[in-house]
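Since every read-out is calculated from the coordinates, none of them should be taken as a lab result. Quantities reported herein were computed from a predicted structural model and do not represent experimental measurements. Because the Cβ atoms are built from the backbone with ideal geometry, glycine has one as well, and the counts that use them run over all protein chains shown.
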Amino acid sequence: MFRRTHAAADDAPATATDPKPAGKGRPTPKRRDAEGRRRQPVNAPQNRKEAYKQLRERQASDRAKAREGMMRGDERYFPARDRGPARRFARDWVDSRRLVSQYFLPFSLVILLFTWIPFPPQVQRYVYEAVIVVGWPLMMVGVLFTSIWVSWKVKKLAAEKFPGESLKGVGFYAAMRALQIRKLRFPPPQFLPGGKPVPPKK
């Protein structure tokens, strides 16, 4: 009797109790709030100092990119005064020639050097007369005439080559470039003296 009751109890199916699903315990976020969080960059600055640091790094990267573009001769990165076909023609015309005015700064440094050298009194007088009284005025006259000629020549050729282009200031632009030492010219020269293109850097 007890055996039958025990077996019946074992054969009875166990009642499964479905657990009540637990809630999230917080309200469901709105769709636009969730999208806003997804769009937020991972490296967003956490404070003002970090934001300023990221700004400086981005500006440094932009400056380096612009300088590389200018060194390649890409006019997209040039200042407004260096853009346009007439300005490019003026640069190429000046860079492909050796002009008297480009030696003005080196000659001025040589004159200063001679004035600093302590020559003997009997020699110093002749040095000053040769350098300051003769050499300096001759150089100034040469620079003046070269600048006038470069300005006139470049403006004349540019007017023939670019009839519809604005030539305002192109002559002065060429004359000022001719006064600069070749290695210090910016944008950098694209042609060597004689007209050959500058070979690409390896």
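What the table below lists for this structure:
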item: Sorted by Cβ density within 10 Å, fewest first, the residues Val94, Val133; result: Val133, Val94
item: Neighbour-count ranking [beta-carbon atoms within 10 angstrom, fewest first] of Asp95, Asp62; result: Asp62, Asp95
item: In nm, spacing of pseudo-spin labels at Phe114 and Val133 (7 Å Cα→C-beta vector); result: 1.2 nm
item: Distance in nm between pseudo-label sites at Lys153 and Arg58 (7 Å out along the Cβ direction from Cα); result: 4.8 nm
item: For Thr115, Thr146, order by how many other beta-carbon atoms lie within 10 Å, fewest first; result: Thr115, Thr146
